[in-house]
Amino acid sequence: MKIGILATGITPDELLDDFGSYADMLRELLLPEIADVSFETYDVRDGVFPVAASDCDAWLITGSKSSAYEDLPWIHRLKALIRQIWESQRPMVGICFGHQIVAEALGGRVEQSANGWGVGLHRYQMVGPWQQSAGVPAALTLNAFHRDQVVVKPEAAEVVASSEFCPYAVLAYGDRILTIQAHPEFSLAYEYLLIALRKGQAIPDEDAEQGLATLRQARDSTDSAAVAAWLARFLTRSP
């Protein structure tokens, strides 16, 4: 199968050589889980878009430093493409910014959260029957890095996982779209360096220190591997 990656942002220059781009991270996350797959990356932030939703069998949207509510030509164009993919019934997964822009495109609303920045390891509780069908732990521990949140979910969206900090942490739109606010593609090392890099600049010192503390205390890995298997099943529509 062919998966299209809609790249909406890039890793900071200071970390790019060691960790690769966000598109690279998603490829590395999913490659072990999907047989006979190829990826094509579209740098939509630079105006590189697919011709049609049918160009790929499934779609991924990466994270970004941009906000889903910004009045930018590429963001409006991406929202239109998301609606086309939704109508085409091809599976799609959105991560962080991808989670937010899918919600905006399909009738929800994203804002800067009154809770401030969410960085470091966050824990999300699976809701309803999703934990059993997804094959993941009842509570997921994943790296987070965001200030914007979905504050109004689209009518078509169902809450899959939630936390006190982020009530709409994972949303599903039937069996066609699955979006996650957190970053299953981020390693603990990358998350730590990213927070340290942005501390006192984009992220207030107090918020950054709270996030770094969760990483210093981490004894085990995140639940990224279980989420990767879940996303792979979703994208390939395997039972």
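The values are calculated or read from the model by the stated rules, or taken from the named source; none is laboratory data. All of these numbers come straight from a predicted model, not from anything done at the bench. Every residue, glycine as well, gets a Cβ built from its backbone with ideal geometry; the counts of neighbours run over all protein chains shown. Just so you know, the surface numbers come from the protein's heavy atoms only, side chains and all, with ligands and any DNA or RNA stripped out. Shrake-Rupley method; radii C 1.70, N 1.55, O 1.52, S 1.80 Å.
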If you add up the charges near LEU81, with Lys and Arg at +1 and Asp and Glu at -1, over every other residue whose beta carbon is less than 15 angstrom from its beta carbon, what do you get? 0
Can you figure out the FRET efficiency of GLU87 with ALA226, using R₀ = 30 Å and their beta-carbon distance, to the nearest 0.05? 0.45
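Taking a probe of 1.4 Å, how large is the accessible area per residue of region 171-227, in Å²?
I get 45 Å² per residue for this part.
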For LYS65, counting only lysines whose alpha-carbon sits under 26 Å away and dropping same-chain residues fewer than eight positions off, the answer is LYS79, LYS153, LYS199
DSSP-loop GluC sites (Glu not before Pro) across region 61-152, with at most 13 other Cβ within 10 angstrom: GLU70
Only bridges with both residues in region 74-193 count here: give the DSSP antiparallel percent, nearest 5. 85
Once you place label points 7 Å from the Cα toward the Cβ at ASP46 and LEU72, how far apart are they in nm? 1.4
So, with a 1.4 angstrom probe, what is the percent of accessible area on the chain that is carbon and sulfur? 46
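Hand me the GluC sites (Glu not before Pro) from region 131-198 located in a DSSP loop with no more than 15 other Cβ atoms within 10 Å, in residue order please.
Those that pass, being in a loop and sparsely packed, are GLU155, GLU164.
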How far apart, in nanometres, would the label points at MET1 and LEU15 be if each is projected 7 angstrom from Cα along the Cα-to-Cβ direction? 2.8
Please state the shape class of the chain: rounded when a/c is under 1.5, otherwise prolate if a/b exceeds b/c and oblate if not, all from the C-alpha gyration tensor. rounded
Run the numbers for GLN201 and ARG237: contour at 0.36 nm per residue of separation, minus the present Cα-Cα distance, in nm. 8.8 nm
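Around THR8, under 12 Å between beta carbons, what's the net of Lys plus Arg minus Asp minus Glu among the other residues?
+1
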If you stretched the chain out fully between SER54 and SER38, how much longer would it get, using 0.36 nm times the residue separation minus the C-alpha to C-alpha distance? 4.3 nm
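Check each of the trypsin sites (Lys or Arg not before Pro) in region 128-236 and keep only those in coil by DSSP with at most 16 other C-beta atoms within 10 angstrom; list them in order.
On the way: sites: ARG147, ARG176, ARG198, LYS199, ARG216, ARG219, ARG233; in loops: ARG147, ARG176, ARG219.
In loop regions of region 128-236 (DSSP not H, G, I, E or B), the sparsely surrounded trypsin sites (Lys or Arg not before Pro) are ARG147, ARG219.
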Pairs of alpha-carbon atoms within less than 8 angstrom and 6+ residues apart define the contacts here; what relative contact order does region 146-239 have, in percent? 18
Starting from the amide H of GLY120, placed 1.01 Å from N in the peptide plane, find each other amide H under 5 Å away whose residue is 5 or more places distant or on another chain. ALA144
Choice from ALA105, ALA157, ALA213 with maximal GNM fluctuation in the chain (Cα, 10 Å cutoff): ALA213
Sequence-separation-based contact order of the chain, relative, with Cα cut under 8 Å and 6+ spacing, percent: 21
